[in-house]
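Here, each number is a calculation from the coordinates, and none is a lab measurement. All values reported here derive from a predicted model rather than from experimental measurement. In this analysis, Cβ positions are derived from the backbone assuming ideal geometry, glycine residues included, and neighbour counts consider all displayed protein chains.
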Amino acid sequence: MPYVNIKVTDERVSVEQKRLLIQGVTELLERVLNKAPSTTYVVIDEVSTDNWGVGGETTTQLRARQKLNPQKLN
């Protein structure tokens, strides 16, 4: 019984994109590991950008900085 947990920030991920992620991961596990889709669980957690950090900054801070200087990503 595979369990896959996908974590994304709570921005810009549509219902359709989530549906496709769940479908794609399920199909991948069936193809690669021969796991039945009926026993494959996929959970998508949406994490606030205030609670997701990279390089000592929250994603909220990084996004604000990117808006000020869109050419520079880090």
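Pairs linking a residue in the stretch 45-73 that is part of a strand (DSSP E or B) to a residue that is loosely packed, with under 13 Cβ neighbours inside 10 Å and not β-branched (Val, Ile, Thr), with Cβ atoms under 7 Å and 6 or more positions apart or on different chains, are 45/5; 45/7; 47/7; 58/50. Looking at the stretch 1-14 only, could you name the residues that are under 25 Å from residue 66 (Cβ atoms) and either part of a helix (DSSP H, G or I) or not β-branched (Val, Ile, Thr) (or both)? Listed by number, the residues that qualify are 7, 10, 11, 12, 14. Scanning the stretch 18-36 for residues that are part of a helix (DSSP H, G or I) and surrounded by 12 or more Cβ atoms within 10 Å (Cβ to Cβ) returns 18, 21, 22, 23, 25, 26, 27, 28, 29, 30.
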